[in-house]
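The values are calculated or read from the model by the stated rules, or taken from the named source; none is laboratory data. Owing to the predicted nature of the structure, the values given are computational and were not obtained by experimental measurement. A quick note on method: Cβ atoms are made from the backbone with ideal geometry, for glycine too, and the neighbour counts reach across all protein chains shown.
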Amino acid sequence: MWTYDKKLQFPVNIKNSNPAMAKFIITQYGGPDGELGATLRYLSQRYTMPYKQCIGILNDIGTEEIGHFEMIATIVHQLTRGLTIEQIKAAGFQDYFVDHTTGLYTVSAAGVPFDATCFASKGDAITDLMEDMAAEQKARTTYDNILRLADDPDVIEPIKFLREREVVHFQRFGEALRVVQDNLDSRNFYAINPEFDR
């Protein structure tokens, strides 16, 4: 059970609309390395994780990712509110607009809709945690790319915050992997699935 604090984890107050920027930032809403996939990945993996400390890490980070999903939605919404048809056309935002107007839709920057292949849950503690570490690095790289393209300080600051959280999550999943490895009977970490082979 969660308690919802009705404020963003980091403030988002974008003054200027910019549909061109929204087109690439939306990938962190519903793209292959975005916040929705991260949320579903971690909150799904927690059920078969064999160690309580690792379950706690997956639950904590999966819950935080919901807040990041909310932040990205807010950024995209603020970048697309009050647009004129001329702005939509000039930014090349018309393809998205035709299908969704300016409503939030889980899609990548390339226009590919989100689907369940964007997250993994294998049922092997080592495999899942290695996937999680890679996912955090991919998301960090995506945020790095967004920061290279963004030019609005109102957008840059919350994106920098989200990027920093990817680094922290990577480190936390590294701690969880160490817990799993320390609990294995064999030092050959890849010989067994600690969730299944006992």
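Things worth noting here:
- Filtered residues of the range 22-55 (kept if more than 18 Å from the chain's Cα centre (by Cα) and farther than 17 Å from Ala135 by Cα): Tyr47, Thr48, Met49, Pro50, Tyr51, Lys52, Gln53, Ile55
- A single member of His68, His77 is under 23 Å from the mean Cα position of the chain (by Cα) and surrounded by fewer than 18 Cβ atoms within 10 Å (Cβ to Cβ), and it is His77.
- Any chance Lys122 is at pLDDT 95 or above and surrounded by fewer than 19 Cβ atoms within 10 Å (Cβ to Cβ): no
- The residue that is nearest to the chain's Cα centre (by Cα), counting only those in the range 80-91 that are surrounded by 12 or more Cβ atoms within 10 Å (Cβ to Cβ) and of a type outside the set (Lys, Arg), is Thr80.
- Comparison of Val167, Val155 shows that the only residue that is within 14 Å of the chain's Cα centre (by Cα) and aliphatic (A, V, I, L, M) is Val167.
- First in the range 1-15 and in contact (Cβ under 8 Å) with a residue 60 or more places away in the chain, second anywhere and outside any loop (DSSP other than H, G, I, E, B) and aromatic (Phe, Trp, Tyr), Cβ under 6 Å, 6 or more apart: Phe10/Phe161
- Boolean, Gly103 is over 29 Å from Tyr4 (Cα atoms), part of a loop (DSSP other than H, G, I, E, B), without any contact (Cβ under 8 Å) to a residue 40 or more places away in the chain and over 14 Å from the mean Cα position of the chain (by Cα): no
- Residue ID - farthest from Ala91 (Cα to Cα), chosen from residues in the range 45-80 that are hydroxyl-bearing (Ser, Thr, Tyr) and either free of Cβ contacts under 8 Å to residues at least 60 places away in the same chain or touching an Asp or Glu at 6+ places or on another chain (Cβ under 9 Å) (or both): Thr48
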